[in-house]
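Comments concern the structure below.
The values are calculated or read from the model by the stated rules, or taken from the named source; none is laboratory data. Only a predicted model underlies this, so the values are computations on that prediction, with no experimental measurement involved. Note that each Cβ is placed from the backbone with ideal geometry, even for glycine, and that neighbours are counted across all protein chains shown. Ligands, DNA and RNA are excluded from the accessible area calculation, which covers all protein heavy atoms including side chains. Shrake-Rupley method; radii C 1.70, N 1.55, O 1.52, S 1.80 Å.
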Amino acid sequence: MSVRSHLTGGHVIQVLDSRSSDCAPPIVYVGRNRAGNWVARETRGAFGGLFINRVEALKYALFKNGRHPENIIEVACEIELETPSP
C-alpha cells in the first residue's frame, strides 16, 4: 500500500492508497499455443482457457481481470495453458 500526504488546515493527513501491488488486477497473457489455438492465461496460472479466436480470448481476459486492458499482454511467442496435475 502506498501512503499519500495531504495538508489540510495545518494538519498532515496520510491516506492509504488501496491500489497496491497486492490488490492490482491480475496480468493475463493472450497468444497462440503450438497447435494454433488461442490461449488466455493468468501469470501464475490461477485461471485460463482455450478459445476459438483472439476476440473471445481477449473478452475472457478482460472479464477475469476486472476490465483492465492495461493488464493484458498479447504475446508473439507460443504459450500453453498449464493444467495442474491430479
**Report entry** Residues located in the stretch 6-43, provided they are within 11 Å of the chain's Cα centre (by Cα) and modelled with pLDDT of 90 or more
**Finding:** Pro25, Pro26, Ile27, Val28, Tyr29, Val30, Ala40, Arg41, Glu42, Thr43
**Report entry** The listed residue being open to solvent by less than 40 Å² (accessible area, probe 1.4 Å), under 24 Å from Cys23 (Cα atoms), part of a strand (DSSP E or B) and not hydroxyl-bearing (Ser, Thr, Tyr), out of Ala40, Ala61
**Finding:** Ala40
Requested in this report: Note down all Cβ pairs under 7 Å where the first residue falls in the stretch 50-66 and is within 10 Å of Val39 (Cβ to Cβ), the second is modelled with pLDDT of 95 or more and assigned to a helix (DSSP H, G or I), and they're at least six residues apart or on different chains.
Outcome: Phe51/Ala57; Phe51/Tyr60
